[in-house]
Amino acid sequence: MTTPHEAGVSTTATLTRRLAAGEEEAFREFHALYFDRLHQFLLVVARGQEQEAREALQETCLRVARHAREFDDEKAFWCWLKAVARNAARDAGRKRTRYTALLHNFANYVRPSAPTGPDADDDRLTAIIDECLVEFASEDRALLQEKYLAGATVTELSLREGLTPKAVESRLLRLRRELRERVLAKLRQS
């Protein structure tokens, strides 16, 4: 099997043209030529975290399939692939950070309170979050609780709600922002 570099300019142009046209066989060839190379690159980006690298690699392949375009030479194509892969890894990292922070906040929400000691601030925040959640419409509150307390996936929620996954993600984003604004307003009042 030839490496992408050995394959040369014409092969890259042909492959990327076929990828942009959505040919399944072209994606198989792309996978055979670039999968291992992208995986090694993403292992470095993910600082050796295998699971994070694999998730970013999967997202990279999806983005290549969706947004492929024609490149005349392999060097330009590889630079584009690295940028796509790096962005996929960064997006996944941001998503994990936001998700972890939200889980932490909701863990504080469901944790039994201890009114004295260093946890008093956490208990105050938990009480405020509880107040704010009660103010939400029952279907919005249920959506937040299913996602962040019960651990339901966006796909599961979209099937239950009869919406697209993108619509559920948008709704969750709106609800998180609204919850944050309400919590901050109550913190300012007290």
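The values are calculated or read from the model by the stated rules, or taken from the named source; none is laboratory data. Remember, predicted model here, so these are calculated numbers, not experimental data. Here the Cβ positions follow ideal geometry from the backbone for every residue, glycine too, while neighbour counts run over all protein chains shown. Accessible surface areas use protein heavy atoms only, side chains included; no ligands, DNA or RNA. Shrake-Rupley method; radii C 1.70, N 1.55, O 1.52, S 1.80 Å.
The conditions of being open to solvent by 60 Å² or more (accessible area, probe 1.4 Å), modelled with pLDDT under 90, acidic (D, E) and over 16 Å from the mean Cα position of the chain (by Cα) are met by E50.
Screening E139 on (1) outside any helix (DSSP H, G or I); (2) more than 18 Å from L103 (Cα to Cα) shows it passes everything except condition (1). I'd like to know if the range 112-126 contains one or more residues that are β-branched (V, I, T), open to solvent by less than 40 Å² (accessible area, probe 1.4 Å) and at pLDDT below 90. The answer is yes, given that some residue of the range 112-126 is β-branched (V, I, T), open to solvent by less than 40 Å² (accessible area, probe 1.4 Å) and at pLDDT below 90.
Looking only at the range 63-85, residues that are touching a residue at least 40 places away in the same chain (Cβ under 8 Å) and open to solvent by 80 Å² or more (accessible area, probe 1.4 Å) come to 3 in all. Only a single item in (1) open to solvent by less than 30 Å² (accessible area, probe 1.4 Å); (2) over 27 Å from Y148 (Cα atoms) is not met by G93, and it is number (2).
In a residue-by-residue description of the range 154-164, the property of being within 18 Å of the chain's Cα centre (by Cα), over 19 Å from F106 (Cβ atoms) and surrounded by fewer than 17 Cβ atoms within 10 Å (Cβ to Cβ) applies to at least one position. Among the residues making up the range 137-153, those that are among the charged types (D, E, K, R) and surrounded by 15 or more Cβ atoms within 10 Å (Cβ to Cβ) are D140, R141, E146, K147.
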